[in-house]
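FYI, it's all coordinate maths here, none of it is from the lab. Predicted model, so just to flag it, every value in this text is computed and none were measured. Counting neighbours? That spans all protein chains shown, and the Cβs are built from the backbone with ideal geometry, glycine included.
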Amino acid sequence: MPEADLALLIAAAKIAGKIALSHWKASPQVWEKPDGQGPVSAADLEVNVALAAFLQAARPAYGWLSEETPDTAHRLSTPAQFVLDPIDGTRSFLQGDSAFSHALAVVQNGQVTAGVVYLPAMDKLYAASAQGPATLNGVEIRAAASAASARALTAKSTLAPEHWPGGVPDLNRHFRAGMAWRMCLVAEGAFDAMLTLRPSWEWDIAAGALIAQRAGARVSDRHGQDLRFNAADPRSAGVVAASPDLHADLVARLAPK
């Protein structure tokens with residue numbers, strides 16, 4: 001079933017990409033979400049509606065968790081769930097930057113079984129199932145081994161000394177828009193780690209987490225605990241994704257003494 005679900009997610013991602021590109025650089029209508037949650041555009045909502053129609057028609061028993069759909073407790077009692085972000089990196093999308101993606105996952109028993117991250121403006125499609133390799137445009141990818149001075153995707157504030165009781169790690173810091181793509185960049189070995197210490201929504205991390213794991217990276221919350229999905233509160237305590245040795249060092253440095 002994971003392979004069938006993966007094929008379904010790939011087809012859905014391509015539908016999403018066509019819709020998003022029809023709005024890209026075309027000044028879609030934009031609103032600000034309440035409580036400082038950032039912008040949402042007509043493109044986000046149109047993609048969300050199309051994905052819901054396509055995916056729920058194919059798997060009517062699956063629950064639904066999307067950034068652009070009000071959440072309900074119904075998904076907690078379903079046998080599997082779609083967890084997705086219609087457009088991850090909305091700010092980049094609205095600025096005409098190509099660094100936006102569609103992040104789609106299937107979750108069963110708290111674990112991601114299929115995941116796709118598609119960047120249509122770059123023609124990059126990352127994918128993985130729980131039993132298969134991580135791929136980029138159909139070619140297997142692998143995460144990098146540990147490096148002496150690791151290249152890490154993270155915000156500047158993450159490296160503030162107060163967050164690191166065990167000492168600030170020697171990281172060569174970079175940043176890219178969209179958490180899903182950051183995890184995929186670790187999966188393909190372009191960067192050695194990505195980390196955020198802030199609570200992280202499941203729809204931002206589910207697909208990318210599986211892709212990074214199947215590429216050989218270790219992925220956890222900031223405390224080193226395995227990520228679990230379809231939680232009543234769909235947020236994790238941050239995310240750390242890196243090669244196993246680097247991951248262990250980062251989590252040890254984050255741990256309180």
* Roughly what would the spin-label model give for ALA248 and VAL168, points 7 Å off Cα along C-beta, in nm? -> 2.6
* Structure fact -> Each label sits 7 Å from Cα toward the beta-carbon; between GLN225 and ALA42 the label points are separated, in nm, by 4.3
* **Alpha-carbon Debye profile of region 150-254, log10 I(q)/I(0) at 0.24, 0.25 Å⁻¹** => -1.41, -1.53
* Please work out the Cα center distance from region 151-189 to region 16-46, rounded to the nearest Å. => 27
* To do: On a 0 to 90° scale, report how tilted helix 42-58 is relative to the longest principal axis of the chain, with both axes built from alpha carbons and the result rounded to the nearest 10.
  => 80
* **Percent RCO, i.e. relative contact order, over region 151-208, from Cα pairs under 8 Å lying at least 6 residues apart** => 44
* Structure fact -> In nanometres, the difference between 0.36 nm per residue of separation and the alpha-carbon distance of ASP35 and ALA4 is 7.3 nm
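Based on other C-beta atoms within 10 Å, arrange ASP221, ASP233, ASP85 from fewest to most. Let's see the in-between values first.
Working: ASP221 21, ASP233 8, ASP85 32.
Sorted ascending by nearby Cβ count, the order is ASP233, ASP221, ASP85.
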* Once you list every other residue whose beta carbon is under 12 Å from the beta carbon of LEU246, what net charge do they have if Lys and Arg are +1 and Asp and Glu are -1? -> -1
* To do: Calculate the spin-label point distance for ASN109 paired with ALA237, positioning each point 7 Å from the Cα along the beta-carbon direction, and give it in nanometres.
  => 2.5
* Structure fact -> So GLN131 and ALA145, fully extended at 0.36 nm per residue minus their Cα-Cα distance, gain in nm 2.9 nm
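For PHE54 and ASP123, what does the FRET efficiency come to when R0 = 25 Å and r is the distance between their Cβ atoms, rounded to the nearest 0.05? Please report the intermediate quantities before stating the final value.
Numbers: r = 21 Å, r/R0 = 0.83.
Calculated transfer efficiency: 0.75.
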* Which of rounded, prolate, oblate describes region 97-154, given a ≥ b ≥ c as roots of the alpha-carbon gyration tensor eigenvalues and a/c under 1.5 marking rounded, otherwise prolate only if a/b is larger than b/c? -> oblate
* Candidate values [x] 70, 40, 31; [y] 49, 39, 36; [z] 60, 32, 32, label of the one derived for Cα extents along the principal axes in Å -> [y]
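Let me know the charge dipole size of the chain about its Cα centre in debye, to the nearest 20, where only the beta-carbon of Lys, Arg (+1) and Asp, Glu (-1) is charged.
Working: 22 positive and 25 negative charges, 67 e Å.
That gives the chain a dipole magnitude of about 320 debye.
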* Check ALA144: other-chain or 5+ apart residues with amide H under 5 Å from its amide H, H built from backbone geometry? -> GLY189
* Asked: Sorted from fewest to most neighbouring beta carbons within 10 Å, what does the list VAL240, VAL251, VAL117 look like?
  -> VAL251, VAL240, VAL117
